[in-house]
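First up is the structure itself, then whatever we jot down about it.
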Amino acid sequence: MSAFAIWSTFMLSVVLIPPLCSGLIRKVKARLQGRIGAPIWQPFFELYRLSQKRETLSQTMCGFFRCSTAIGLSTTLTLTWLLPWISIKPWAPDADLFLVLYVMAFEKMVSMLGALDSGSPFAAFGATRGATLNLLVEPAFCLALLAIAIANGDTNINQIFLNRGIAGGAQAVYFFSGLALFFISLVELGRMPIDDPTTHLELTMVHEAMILEASAKNLLLLEYARILKMTLYWGLSTQCMFQLMPAFHKYSGLQQEFLSVCGIMTMACLVAVGESLLVKLQWRKIPEFAAYVMSLSIVSAFAALAGKRL
Amino acid sequence: MLATSIGVFAWRTWGHATTYDFSRLIKFGTSGLSIYIDDLSRLFMVLQSILMLAIAVYLPPYLRKNGKSFQSGFFWSGLLLLLAAMTGVLCSRDAISFIVFWELMSLTSISLVAAKNSGRSIQKATFIYLSATKIAGSFIAAAFLVLYSNTTSLSFIDWNFSEQRNYVPAFLLLTGLCIKAGIWPFHVWLPYAYEAAASPISALLSGFMSKVAMLSAIRFFVFGHLDSPHLIWLTLILGVVTSFWGILFALVQNNMKRVIAYSSIENMGLILISISISMLAHHERLPLIENLSTIAAVTLCVNHALFKPLLFLCCGSIFLQAQTLELDDLGGLAKKMPLTAGCLIIGSFAICCAPFLNGFPGKWFLYQSLFQLVCASTSDVERTAFIAIICILAAVGALAVATFVKLVGVACFGEARSEAALKLVESPREIRAALILLAVACILSGIFAKDVTQILTSSLMVSGEFSGSANIRLPAFTGNVVLIGTSTFFYLLFFAFRGFKTASTWNCGYTIASPKAQISANSFAQPVARIFRPILQYRNVATITGADRKHFPENIHVDTKIVSILEKTVYAPLVFSTARAAKLISQLQAGSVHLYILYVCLTLIALLLLGGLL
């Protein structure tokens, strides 16, 4: 593929996949509930509508909030370069695993501070819950990626996923890490069973509460950053799963890209089905859920250690 | 001025290791004062001069405003003496000058903590600090004595910690240094002292004095090749516990200075982890990892010495205006003191390792050396342990994010929670200048992290004990450009030239509630504190009174209580029993001549008996 084709494919994926993914979830959920539902490109219209609106800000805000939404989206965009979420990437910088960890932490910190800027108690509750969830899954996230890094003896995760031909023992590592990353994404993105993104009950929500004061362009940036982050997580998880298929690396670039997109969409469907069937966990049960995720990561890490030994 | 001249001197003489022999001029007992300056101490002298410059600019308005509670002459002389003493500790190469400067440093810092002559809490803090320092000093002195008897030399060069007979003094020395640096379980003095001291002093203590202890540890144990696996693992475990414990307690504190003080404990823990990994790598003959983690330790020291003082000075600036640092009395600072709030935010981002600020490089080196140890190590138990440490560090990072979101969010954002916070104005020019100086230092040393690392590496190389280069490829720079560039772009595109309406914050459709309805410091920490309630001894009791109390409460009272488990179960009984023992012994001294004559007789008889026996 020419450089131009690679760049345009990547840019198109960044712009198109997240809204389509979000539209697909809504469509599947609607169908499962017996409704026809909005078309899957509905999120594009919504984002466009938000871009045309005029902002309303809280009197209490000091200007940090507006910066925080811009920083939040650009941090997520930085992550699209740093993470191997899709097969075609025009440029892979030194994407170190620990760098990714702290870029993500920075993004969360900025969004929590943005939530606190308005002085709204609801947003603040959302932020403190967000901080708690972050604490619960951060070790699991770190360990899931670390296991892959150990199996490859390298912390540059872009490089790791470009590596062809993995040792036999490493397949278990990819499987369990991919699984763990998928469950971590549910916690990080505030989806079921951790948080219901469609309720509008200020007292229980996490992410929705944090963006309570956002409107128009602010909301556009926040929403887009969020669905992009969702795609990144699921893309990462998909790439882990593709490492299980030895045939994957034999395909051409475009075929790989197509498969990756299909993988992300499959995850979206899975989440939609899950959200239709599950009920929200009680807040006090969430540490238990985090413990299950952590144990998946631990299994993966032990598999990595065992593979190292062989 | 003095600080700057020391800095300039250090800069001009870069690249050599020099010994200045003052032994003919000044004598401590039998040995003379000799000062040995190498690049590592020069580097820290430069750092010290930046810090002192900031504090020197900062102090005059601070003292003017707090004129009643400080004597400025005493304050300045104490500060200069402390500066000299710290430089002395950094540069001394034999036991006697080390001890002299160490004690000088301790005593001046204690008197500076006590300089704020008001209130019992300061007396208590000073007393706790005094006793901790004295105990530390005695441990170090004991270690030096044993080392002298082992090697018959007082010079540090002759002490080799890879010999078995030097393990016991190494342990003593380590304990002494740990007490001074505030490592768990000896950290209890630290929050008291930092809270009680004036903010510039806390900045100096946390930013530099604790580093002096850690640098001494690097000099003794890393350059001296401590080779006892038991001690190394002990250090590693202490470091891990310290960092987790420190940040957990930081999260539940409600006073800004206490939050920052506890987070200093966490940072000390991180430095100790890097030091012990360096020793461990040496023990396992992995020179690349040894170098990497030594760089990690020094980088963490340097960067912590920039952002922690920044945070403390921000606290001071807030205290000057609001006369309180209780988070529940603050709020809305960002509108009234934009510069102070901005610097507080930068400092908080730095401490949470935002990749373009200076907190990140050190942490990255630490993670990287742990990871390489996992790959290189041969024992499964060790590898599992290192993986566990990486996970704990990730959790510590997440807790740090929660802590500093709470600190900044409650203090700077929202509405003012008390009358005092309502009438704030920005601090005077000098204070702002000092804050900007440190904030810029944080940003520059974060963006040019590679160059800073280069300087550090070269200084470590000149300091001797550094063989070969470490495998460093700090990954942050390109990402930084993308990040900063795109955020500016989005800001310009969407917000910079656009108008907006304002309205009051959403309150479920009710009218504007009282500012007290905002989240409090306690409630922000509650979900995490609940998870860790066994460690924190966290209790949250709500009492609701009223006729039909479920639906029409008249009075709701919520009480949150956190007990420092270590103080309650270890230190309080220890202090109590010591006091009782002292009382018992003091009965011997009854003030009666008859009794004393009896003692003399008994001693004589005992001596006679002993003479007969031997």
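Name every residue in segment B:287-324 that is buried (at least 24 other Cβ atoms within 10 Å of the Cβ) and either over 30 Å from B:Ser427 (Cβ atoms) or among the hydroxyl-bearing types (Ser, Thr, Tyr) (or both), in order of residue number.
B:Ile289, B:Glu290, B:Asn291, B:Leu292, B:Ser293, B:Thr294, B:Ile295, B:Ala296, B:Ala297, B:Val298, B:Thr299, B:Ser317 - these are the residues of segment B:287-324 that are buried (at least 24 other Cβ atoms within 10 Å of the Cβ) and either over 30 Å from B:Ser427 (Cβ atoms) or among the hydroxyl-bearing types (Ser, Thr, Tyr) (or both).
Determine, yes or no, whether A:Met230 is surrounded by fewer than 19 Cβ atoms within 10 Å (Cβ to Cβ) and more than 14 Å from every other protein chain (Cβ to nearest Cβ).
Judged against the criteria, A:Met230 is not a match.
Which is surrounded by 11 or more Cβ atoms within 10 Å (Cβ to Cβ) and not acidic (Asp, Glu), of B:Ile597, B:Ile605, B:Ile585, B:Ile556?
B:Ile556
Pull up segment B:108-128, narrow it to residues that are assigned to a helix (DSSP H, G or I) and of a type in the set (Lys, Arg), then point me to the one that is modelled with the highest pLDDT.
Across segment B:108-128, the extreme among qualifying residues is B:Lys124.
B:Ala143 - would you say it is closer than 14 Å to B:Phe220 by Cβ and crowded, with 20+ Cβ neighbours inside 10 Å?
Criteria met by B:Ala143.
Identify the single condition in (1) of a type in the set (A, V, I, L, M); (2) exposed (fewer than 10 other Cβ atoms within 10 Å of the Cβ); (3) within 30 Å of B:Ala529 (Cα to Cα) that B:Leu613 does not satisfy, given that it satisfies every other one.
Among (1) of a type in the set (A, V, I, L, M); (2) exposed (fewer than 10 other Cβ atoms within 10 Å of the Cβ); (3) within 30 Å of B:Ala529 (Cα to Cα), the lone unmet condition for B:Leu613 is (3).
Farther than 23 Å from A:Ile286 by Cβ, in contact with an Asp or Glu (Cβ under 8 Å, 6 or more places away or on another chain), away from chain A (no Cβ under 14 Å) and of a type outside the set (Phe, Trp, Tyr) - does that describe any residue in segment B:561-570?
no
Among the candidates B:Gly414, B:Gly409, which residue alone is surrounded by 24 or more Cβ atoms within 10 Å (Cβ to Cβ) and assigned to a loop (DSSP other than H, G, I, E, B)?
That would be B:Gly414, the only listed residue that is surrounded by 24 or more Cβ atoms within 10 Å (Cβ to Cβ) and assigned to a loop (DSSP other than H, G, I, E, B).
For segment A:100-150, which residues satisfy the criterion of being at the interface with chain B (Cβ under 7 Å from one of its Cβ atoms) and among the β-branched types (Val, Ile, Thr)?
A:Val103, A:Thr128, A:Thr132, A:Ile150
Confirm whether B:Cys375 is part of a helix (DSSP H, G or I) and in contact with a Gly (Cβ under 7 Å, 6 or more places away or on another chain).
yes
In segment A:218-226, is there at least one residue being in a helix (DSSP H, G or I) and surrounded by fewer than 20 Cβ atoms within 10 Å (Cβ to Cβ)?
The answer is yes; a qualifying residue exists.
Quick test for you: out of B:Thr384, B:Thr378, pick the one residue that is surrounded by fewer than 24 Cβ atoms within 10 Å (Cβ to Cβ) and either in contact with a strand residue (DSSP E or B) (Cβ under 8 Å, 6 or more places away or on another chain) or at the interface with chain A (Cβ under 9 Å from one of its Cβ atoms) (or both).
Step by step, each of B:Thr384, B:Thr378 is checked, and only B:Thr384 is surrounded by fewer than 24 Cβ atoms within 10 Å (Cβ to Cβ) and either in contact with a strand residue (DSSP E or B) (Cβ under 8 Å, 6 or more places away or on another chain) or at the interface with chain A (Cβ under 9 Å from one of its Cβ atoms) (or both).
Of the numbered conditions (1) exposed (fewer than 11 other Cβ atoms within 10 Å of the Cβ); (2) modelled with pLDDT under 75; (3) of a type outside the set (D, E, K, R), B:Val541 satisfies every one except a single condition; which is it?
Answer for B:Val541: the failing condition is (2).
Here's a check for you: in segment B:247-286, which residue that is basic (Lys, Arg) and in contact with a helix residue (DSSP H, G or I) (Cβ under 8 Å, 6 or more places away or on another chain) is surrounded by the fewest Cβ atoms within 10 Å (Cβ to Cβ)?
Checked segment B:247-286; the qualifying residue surrounded by the fewest Cβ atoms within 10 Å (Cβ to Cβ) is B:Arg258.
Would you check which residues across segment A:217-227 are more than 13 Å from the chain's Cα centre (by Cα) and either within 10 Å of chain B (Cβ to nearest Cβ) or charged (D, E, K, R) (or both) and list them?
Passing the criteria: A:Lys217, A:Asn218, A:Leu220, A:Leu221.
Residues in segment A:257-278: is at least one crowded, with 19+ Cβ neighbours inside 10 Å, among the charged types (D, E, K, R) and farther than 16 Å from A:Gly23 by Cβ?
Checking segment A:257-278: at least one residue is crowded, with 19+ Cβ neighbours inside 10 Å, among the charged types (D, E, K, R) and farther than 16 Å from A:Gly23 by Cβ.
Quick check: anything in segment A:265-280 within 14 Å of another protein chain (Cβ to nearest Cβ) and part of a helix (DSSP H, G or I)?
Looking for residues that are within 14 Å of another protein chain (Cβ to nearest Cβ) and part of a helix (DSSP H, G or I), one finds none in segment A:265-280, hence no.
On the given criteria, is A:Leu16 assigned to a helix (DSSP H, G or I) and either under 16 Å from the mean Cα position of the chain (by Cα) or in contact (Cβ under 8 Å) with a residue 40 or more places away in the chain (or both)?
Criteria met by A:Leu16.
Using beta carbons and a limit of 6 Å, which pairs, at least six apart or on different chains, have the first residue in segment A:62-81 and at the interface with chain B (Cβ under 7 Å from one of its Cβ atoms) and the second one of a type in the set (Asp, Glu) and buried (at least 24 other Cβ atoms within 10 Å of the Cβ)?
From segment A:62-81, the pairs are A:Phe64/A:Asp117.
Which one is nearest to the chain's Cα centre (by Cα) among residues in segment A:247-265 that are touching a residue at least 12 places away in the same chain (Cβ under 8 Å) and farther than 17 Å from A:Ala5 by Cβ?
Restricting to residues being touching a residue at least 12 places away in the same chain (Cβ under 8 Å) and farther than 17 Å from A:Ala5 by Cβ, the top hit is A:Ile264.
Does any residue in segment B:398-417 that is at the interface with another protein chain (Cβ under 7 Å from one of its Cβ atoms) come within less than 7 Å, Cβ to Cβ, of a residue that is charged (D, E, K, R) six or more places away or on a different chain, and which pairs are these?
Close Cβ pairs (under 7 Å, with a partner that is charged (D, E, K, R)) amount to B:Ala398/A:Glu138; B:Val401/A:Lys108; B:Phe413/A:Asp117.
Which condition does B:Asn522 not pass, out of (1) modelled with pLDDT under 75; (2) more than 8 Å from every other protein chain (Cβ to nearest Cβ), if it passes all the others?
Just one mismatch for B:Asn522, condition (1).
Based on what the data block shows, is B:Gln372 touching a residue at least 40 places away in the same chain (Cβ under 8 Å) and over 25 Å from the mean Cα position of the chain (by Cα)?
Yes, satisfied.
Considering every residue within segment A:39-49, establish whether at least one is among the hydroxyl-bearing types (Ser, Thr, Tyr) and either modelled with pLDDT under 90 or closer than 30 Å to A:Ala147 by Cβ (or both).
Looking through segment A:39-49, none of the residues is among the hydroxyl-bearing types (Ser, Thr, Tyr) and either modelled with pLDDT under 90 or closer than 30 Å to A:Ala147 by Cβ (or both).
The values are calculated or read from the model by the stated rules, or taken from the named source; none is laboratory data. Just so we're clear, the structure is a prediction, and the values are computed from it rather than from any experiment. Using ideal geometry, Cβ is built from the backbone for each residue, glycine included, and neighbour counts are taken over all protein chains shown.
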